[in-house]
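Everything below concerns the one structure shown next.
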Amino acid sequence: MRFPVQIICIAICIPFLACTETEKPIPASGTDYQPLKIGLFWKYKVSENLIFGENDNESGTFFYRDQIESTYKNAENEEVYVLTRSKSLDGADWEVQGNYALLLRERTLIRFIENQNTVNLVFPPSLGLNWDSNIYSAKEADEFKIDLLGSYNLDEQEFPRSLKVLQEEADDEITFRDNRYMVFAEGIGMIEEYYEVYTYCSRNDCLGQLIIDTGRLTHLKIVEYGQN
């Protein structure tokens with residue numbers, strides 16, 4: 001069953017009754033912000049800009065399609081969900097790019113991708129909640145924070161019950177820029193991911209001029225989701 005994003009239901013208040021956010025309480029656990037079940041899929045339109053050096057960059061748009069293909073029990077007897085990521089230039093012909101995994105551990109959602117694990121969500125979600133996303137890795141602490149809990153607009157789409165995880169928002173305008181966030185919608189999962197990490201030219205002749213030396217901007221926006 002497929003659910004084009006354009007037909008997401010928008011609540012309609014009955015005349016003379018107040019329409020409030022409390023009419024539909026968040027599930028006690030909050031895990032419905034990332035459903036996990038074999039067959040679920042998410043299709044994203046992706047815009048990307050890769051910078052390899054001054055006057056050397058590569059930009060384009062394409063599509064990713066992530067689908068939960070299987071599960072297995074790890075050594076800790078936890079259920080691990082394996083997703084296949086495919087890529088398409090036209091949204092019709094797909095080529096498998098690789099796999100990653102999602103795992104619910106206690107009150108956290110962990111994503112294993114490119115040999116790294118990150119805690120992308122903590123349950124139950126609440127506005128202002130923050131946590132160390134690298135708590136299960138050997139990397140130094142990296143604090144994530146929920147800075148939006150409620151309605152979210154993505155282009156012309158409205159998602160009434162969403163949350164935004166702010167991963168980083170920094171730009172010293174001298175050496176680096178690091179802006180990252182993810183948005184999840186209740187009953188759907190991740191609807192947007194923004195990754196913008198650049199280093200600026202730091203030579204004496206360009207220091208402080210905001211000339212990007214290397215880095216990447218990758219922006220995913222959901223266009224379709226459902227279950228096969």
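The values are calculated or read from the model by the stated rules, or taken from the named source; none is laboratory data. Keep in mind it's a predicted model, so treat the numbers as computed, not measured. Because the Cβ atoms are built from the backbone with ideal geometry, glycine has one as well, and the counts that use them run over all protein chains shown. Note: accessible area is taken over every heavy atom of the protein model, side chains too, but ligands, DNA and RNA are not part of it. Shrake-Rupley method; radii C 1.70, N 1.55, O 1.52, S 1.80 Å.
For the structure I just gave you, tell me whether GLU79 is at pLDDT below 95 and either of a type outside the set (Gly, Ala, Ser) or crowded, with 16+ Cβ neighbours inside 10 Å (or both). Criteria not met by GLU79.
For every residue, the table says whether it meets (1) of a type outside the set (A, V, I, L, M, F, W, C); (2) in a strand (DSSP E or B); (3) touching an Asp or Glu at 6+ places or on another chain (Cβ under 9 Å).
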| position | (1), (2), (3) |
| --- | --- |
| TRP42 | no, yes, yes |
| PHE52 | no, yes, yes |
| GLN67 | yes, yes, no |
| TYR72 | yes, yes, yes |
| ARG85 | yes, yes, yes |
| ALA92 | no, no, no |
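To keep it simple, each residue is scored yes or no on (1) acidic (Asp, Glu); (2) closer than 23 Å to SER133 by Cβ; (3) surrounded by 13 or more Cβ atoms within 10 Å (Cβ to Cβ); (4) at pLDDT 95 or above.
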| position | (1), (2), (3), (4) |
| --- | --- |
| ALA28 | no, no, no, no |
| LEU36 | no, yes, yes, yes |
| LYS45 | no, no, yes, yes |
| LEU103 | no, yes, yes, yes |
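Looking at LEU109, is it touching a helix residue (DSSP H, G or I) at 6+ places or on another chain (Cβ under 9 Å) and surrounded by 15 or more Cβ atoms within 10 Å (Cβ to Cβ)?
For LEU109, the condition - touching a helix residue (DSSP H, G or I) at 6+ places or on another chain (Cβ under 9 Å) and surrounded by 15 or more Cβ atoms within 10 Å (Cβ to Cβ) - is met.
Taking segment 94-106 as the range and being touching a Ser or Thr at 6+ places or on another chain (Cβ under 7 Å) and part of a strand (DSSP E or B) as the test, the residues that pass are GLU95, VAL96, GLN97, ASN99, LEU104. In segment 118-142, which residues are surrounded by fewer than 18 Cβ atoms within 10 Å (Cβ to Cβ) and farther than 16 Å from THR31 by Cα? Those that are surrounded by fewer than 18 Cβ atoms within 10 Å (Cβ to Cβ) and farther than 16 Å from THR31 by Cα: GLY128, ASN130, ASP132, ASN134, ILE135, TYR136, SER137, ALA138, LYS139, GLU140, ALA141, ASP142. Residues that are touching a Leu at 6+ places or on another chain (Cβ under 7 Å) and in contact (Cβ under 8 Å) with a residue 24 or more places away in the chain number at least 1 in the following strands (runs of 3 or more DSSP E) confined to segment 124-181: 143-154, 157-171. Return yes or no: is LEU163 among the aliphatic types (A, V, I, L, M), open to solvent by 30 Å² or more (accessible area, probe 1.4 Å) and over 23 Å from SER86 (Cβ atoms)? In short, no. Considering segment 190-226, and only residues there that are of a type in the set (Lys, Arg) and touching a Phe, Trp or Tyr at 6+ places or on another chain (Cβ under 8 Å), the residue that is least open to solvent (accessible area, probe 1.4 Å) turns out to be LYS221. Within the option set ASP178, ASP171, being modelled with pLDDT under 95 and over 27 Å from SER29 (Cβ atoms) holds for one residue only, ASP171.
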